[in-house]
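Note sheet for the following structure.
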Amino acid sequence: MMKIAVGCDHGGIVLKESVVKTLERLGAEVVDLGCYSTDSVDYPEYGEKVAREVASGRADAGVIMCGTGIGISIAANKVKGIRAAVVTNTYMAQLTKNHNNANIIALGGRVISPKEAEAIVEAWYTAEYEGGRHQRRLDMISRIEDENFK
Ligand code: RB5
């Protein structure tokens, strides 16, 4: 069973229930790392929490949400081994698994609707990584990480 870590700030929380329900319907075990209300919080905290869960292997992958998906993805991508992709439609969601093997997707609560989030999560979750020439490119990204991250 896939274990998926989920995290958001106050700008992304509007999507969380739909995202969690969709992941559970698809058979995933969901770990909800917060936030849990619409009170203002800082997205880097939640991006880091989900990213560490995934990078450590405690979770297989993650879904993060803020107002645009951008800030929280930037934070998550500062954790070594994370490939967090902001996606705004199902095409990007599928392609970022096929080609980038994104281990986290980032969604914007002020950009997409909960219904769109459901379709996007399903497209990413059910897509397969294609490997091959794409692995060479991911290896290049790992090399950049090795040279620049502690
Ligand atoms: C919070 O107001 C907002 O800046 C945050 O949710 C996110 O959109 C940042 O990228």
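Here is how the numbers come out for the structure above:
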{"read-out": "Residue order for 50, 79 - accessible surface, 1.4 angstrom probe, largest first", "value": "79, 50"}
{"read-out": "Under-16-angstrom lysine pairs by C-alpha in segment 26-150, whenever the two are 8 or more apart or on separate chains", "value": "4"}
{"read-out": "Heavy-atom SASA rank of 134, 99 (probe 1.4 Å, accessible area, largest first)", "value": "99, 134"}
{"read-out": "Computed [θ] at 222 nm, helices only, for the chain once each DSSP H run of length n ≥ 4 contributes -39500 (n - 2.57)", "value": "-14500 deg cm²/dmol"}
{"read-out": "Sequence of 43, 129, 91 from largest to smallest accessible area, 1.4 Å probe", "value": "91, 43, 129"}
{"read-out": "Separation between Cα centres of segment 24-45 and segment 104-136, rounded to whole Å", "value": "17"}
{"read-out": "Residue 66 - accessible surface, heavy atoms, 1.4 Å probe, Å² rounded to 10", "value": "10"}
{"read-out": "Extension gain, residue 146 back to residue 40 (0.36 nm per residue minus Cα-Cα distance, nm)", "value": "34.7 nm"}
{"read-out": "Whole-number accessible area per residue in Å² for the chain, which is evaluated in the context of all protein chains at 1.4 Å", "value": "51"}
{"read-out": "Percent accessible area from carbon and sulfur atoms, segment 1-53, protein chains only, probe 1.4 Å", "value": "49"}
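The values are calculated or read from the model by the stated rules, or taken from the named source; none is laboratory data. Owing to the predicted nature of the structure, the values given are computational and were not obtained by experimental measurement. For accessibility, only protein heavy atoms count, side chains too; no ligands or nucleic acids. Shrake-Rupley method; radii C 1.70, N 1.55, O 1.52, S 1.80 Å.
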